[in-house]
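A quick write-up on the structure given underneath.
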Amino acid sequence: MEKKIHYASIIIDDPLLRENYGFLNFQKLLNLMDKHNFFTTIAFIPFNFNRTDKKIATLFRERQDRFGLCVHGCDHSKGEFGKTDCNYLDKKVRLATARMIEHENRTGIPFDRIMVFPQGIFSNEALEVLKKNKYWA
């Protein structure tokens, strides 16, 4: 009889990568992930590309088996991806991607080209623009 293996993944959006962000403490989260065998993706606001704590950057780099980053909007303004103007959306996606690349260069933390839309607002055109810019989802 095969043993069932359970997997879990959590996405947390908006936090700065600081030791403590509100009630979120990354070291305590890591301890829970190790204890209960799950993964956490942080939906990171690209606008915050230059605000990551060095200690937390090290934690993320060393524990890529538990932590990941994806893209959470660009400026995190309401409805920024709900617009239908493809030129506007393309500029937003390119700026968000450039900021994430700069964050990766500064911290060594890789990111996945996956977009979590702020407030869940997006248009069909935004999906097309993400595809054009080689985003996975």
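The values are calculated or read from the model by the stated rules, or taken from the named source; none is laboratory data. Quick caveat: nothing in here was measured; it's all calculated off a predicted structure. Ideal geometry is used to build each Cβ from the backbone, glycine not excepted, and the neighbour counts take in all protein chains shown. Accessible surface areas use protein heavy atoms only, side chains included; no ligands, DNA or RNA. Shrake-Rupley method; radii C 1.70, N 1.55, O 1.52, S 1.80 Å.
Laid out as a table, the results:
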{"read-out": "Residue in segment 77-88 that is over 24 Å from L130 (Cβ atoms), assigned to a helix (DSSP H, G or I) and either over 17 Å from the mean Cα position of the chain (by Cα) or hydroxyl-bearing (S, T, Y) (or both) present", "value": "no"}
{"read-out": "Any pair with Cβ under 9 angstrom, 6 or more apart, that starts in segment 15-31 at a residue that is touching a residue at least 12 places away in the same chain (Cβ under 8 Å) and ends at one that is open to solvent by less than 70 Å² (accessible area, probe 1.4 Å) and basic (K, R)", "value": "L30/R63; L30/R66"}
{"read-out": "Selected residue (criterion: nearest to F67 (Cα to Cα)) from residues of segment 28-54 that are open to solvent by less than 90 Å² (accessible area, probe 1.4 Å) and more than 17 Å from the chain's Cα centre (by Cα)", "value": "M33"}
{"read-out": "Condition check for A96: touching a Gly at 6+ places or on another chain (Cβ under 9 Å), farther than 30 Å from E62 by Cβ and open to solvent by less than 20 Å² (accessible area, probe 1.4 Å)", "value": "no"}
{"read-out": "Of all residues in segment 119-137 being at pLDDT below 95 and either outside any loop (DSSP other than H, G, I, E, B) or closer than 13 Å to L69 by Cα (or both), the one that is least open to solvent (accessible area, probe 1.4 Å)", "value": "G120"}
{"read-out": "Test result for H103, touching a Pro at 6+ places or on another chain (Cβ under 9 Å), over 16 Å from D13 (Cα atoms) and open to solvent by less than 50 Å² (accessible area, probe 1.4 Å)", "value": "yes"}
